[in-house]
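The values are calculated or read from the model by the stated rules, or taken from the named source; none is laboratory data. All of these numbers come straight from a predicted model, not from anything done at the bench. Cβ placement follows ideal geometry from the backbone for every residue including glycine, while neighbour counts extend to all protein chains displayed. The protein model used for the area step is the full one, side chains on, heavy atoms only, and it has no ligands, DNA or RNA in it. Shrake-Rupley method; radii C 1.70, N 1.55, O 1.52, S 1.80 Å.
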Amino acid sequence: MVKIINYKERQAEDGNLFYVLEITGGVEMMKSQTTNQYYATTKKVFIASTFDEATCKALIGTEMEGNIVKQECEPYEYINKDSGEVFQLTHKYVYEPDADNTIL
C-alpha cells in the first residue's frame, strides 16, 4: 500500500507544465552503516500525472495498492542534502502497482 502525500509542478523539455504526485510507502526500519543504530525511514517516488493542480491537491491522502521497489539503473551521483556527501548510486526507487490493478 502506498499513499499520495504531495504534488509538485514540473516543466517538460518542450516548456509545458505538468504535475507529479509524490508517493510514499510504509515505514521501514533501517540500520545505519556508520552508527550501527536503527532509524525509521520511508521510500518516496514522484509519478507524472495528467491531472490539473486542483485534482492533485484533492488526491493528497489517497491510498493505492502497490509498492515502491528498488530498480537497477545506470550509475549516477546523489548528494546527501544534510551532509553534502556525494554517493555513486546504481539504483532508483519506482512505484509498482499490484498486477491486479494495472491497465495495459
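Okay, here's what the table says:
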quantity: Counted residues, the stretch 9-63 - those being touching a residue at least 60 places away in the same chain (Cβ under 8 Å) and closer than 14 Å to Tyr93 by Cβ; calculated: 1
quantity: Scan of the stretch 64-101 for residues that are touching a residue at least 60 places away in the same chain (Cβ under 8 Å) and among the charged types (D, E, K, R), ordered by number; calculated: Glu65
quantity: Elements of type strands (runs of 3 or more DSSP E) in the stretch 7-104, at least 1 residues being open to solvent by less than 80 Å² (accessible area, probe 1.4 Å) and at pLDDT below 95; calculated: 28-31, 38-41, 67-79, 86-96
quantity: The listed residue being basic (Lys, Arg) and over 15 Å from the mean Cα position of the chain (by Cα), out of Lys70, Lys57, Lys44, Lys8; calculated: Lys57
